[in-house]
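The values are calculated or read from the model by the stated rules, or taken from the named source; none is laboratory data. Keep in mind the model is a prediction, meaning the values are calculated, not measured. Cβ: placed from backbone, ideal geometry, glycine included. Neighbour counts: every protein chain shown. In case anyone asks, the SASA skips ligands and DNA or RNA and just uses the protein heavy atoms, side chains included. Shrake-Rupley method; radii C 1.70, N 1.55, O 1.52, S 1.80 Å.
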Amino acid sequence: SHHIEALLFLLSDENNEVKLQTLRLLGRLAVSNPAAVLPPLRLLLMRLISEIKNSGDNKLKEEATLLLCTFLRASSLQTIIRPFMGVLISSLPLGINVKNSDVRLMTAGLEALGELCKVMEVDVLPFADQLLPIIIANMSGYGTMKKQEMATRTLGQLVNATGQVVTPYLQYPNLLPTALS
């Protein structure tokens, strides 16, 4: 447990790759020593949410969103996520006005949303009506092929998590042609 403090210090490194690898390592250590790892990582989660919501720099927002994706992928850290689900969904950079948004940031936001859907599963269902139009707009909107692929993958993760396979196609008749194109 005395090494965890040094690892937590690495979460403040300038290099985002160092932060990502440190978070992966802390996620693995949380299984062995949750009392030492989870409280500081809960604070990190709140800091990430704050950076995503309030930062004016798109690069910082993108890095925080990618760090959030790594956070969501660590199964031992997913217990911390549940109380923050509503705040996370509202703070993710998923804007559909692509001309005023950074495509890389939106792609990272879609990736984080997909990971959140995998973690929360059925608990995402109340947010499905709010998220589907945004995902569909990102599938068909302007931007890169990577963003459109990520939107399609996120749609699959949302549908898989909620169990609503047919409902999106009934609510949005243009969804199938959009997905196929």
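How much solvent-accessible surface does F84 expose, in Å² to the nearest 10, with a 1.4 Å probe and all protein chains in place?
Result for F84: roughly 20 Å² accessible.
Gain in length, S140 to E14, computed as 0.36 nm per residue apart minus the alpha-carbon separation, to one decimal in nm?
Residue separation times 0.36 nm, minus the Cα-Cα distance, leaves 41.8 nm.
Classify the stretch 65-180 as rounded, prolate or oblate, taking a ≥ b ≥ c as the square roots of the eigenvalues of its Cα gyration tensor: rounded when a/c is under 1.5, otherwise prolate if a/b is larger than b/c and oblate if not.
It comes out oblate by the Cα gyration axes.
Can you compute the modelled spin-label distance between S55 and E121, with each label point 7 Å from Cα toward Cβ, in nm?
Each label point is offset 7 Å from its Cα along the Cβ direction, giving 3.2 nm.
Taking springs between alpha-carbon atoms closer than 10 angstrom, which of R153, R73, R47 fluctuates most in the Gaussian network model of the chain?
R47
Expected output is a single nm value to one decimal: the length gained when fully extending between E5 and R47, i.e. 0.36 nm times separation in residues minus the C-alpha distance. What is it?
Taking E5 through R47 to full extension adds about 13.4 nm, to one decimal.
Can you give the accessible area per residue of the chain, in Å², using a 1.4 Å probe?
Heavy-atom SASA per residue in the chain reads 52 Å².
Return the carbon/sulfur percentage of the accessible area of the chain, one whole number, probe 1.4 Å, all protein chains in place.
About 56 percent, which is the carbon plus sulfur part of the accessible surface.
Taking the alpha-carbon centroid of each part, what is the distance from the stretch 44-68 to the stretch 1-37 in angstrom?
That distance is 18 Å.
Provide the net charge surrounding S91, with neighbours chosen by a C-beta distance below 11 Å and charges set as Lys +1, Arg +1, Asp -1, Glu -1.
After counting each charged neighbour, the total is +1.
What relative contact order, as a whole-number percentage, does the stretch 27-181 give when Cα pairs under 8 Å and 6 or more residues apart are counted?
It comes to 20 percent, rounded to a whole number.
Could you give each residue of the stretch 5-13 its phi-based ³J(HN,Hα) in whole Hz, using Karplus coefficients 6.51, -1.76, 1.60 with θ = phi - 60°, and x for Gly or Pro?
4, 5, 5, 5, 5, 5, 5, 9, 5
In terms of the Cα gyration tensor, with a ≥ b ≥ c the square roots of its eigenvalues, is the stretch 1-125 rounded because a/c is under 1.5, prolate because a/b exceeds b/c, or oblate?
Oblate, because a/c is 1.5 or more while a/b does not exceed b/c.
Do any GluC sites (Glu not before Pro) in the stretch 37-104 lie in a loop, going by DSSP, with at most 12 other beta-carbon atoms within 10 Å of their beta carbon, and if so which?
none
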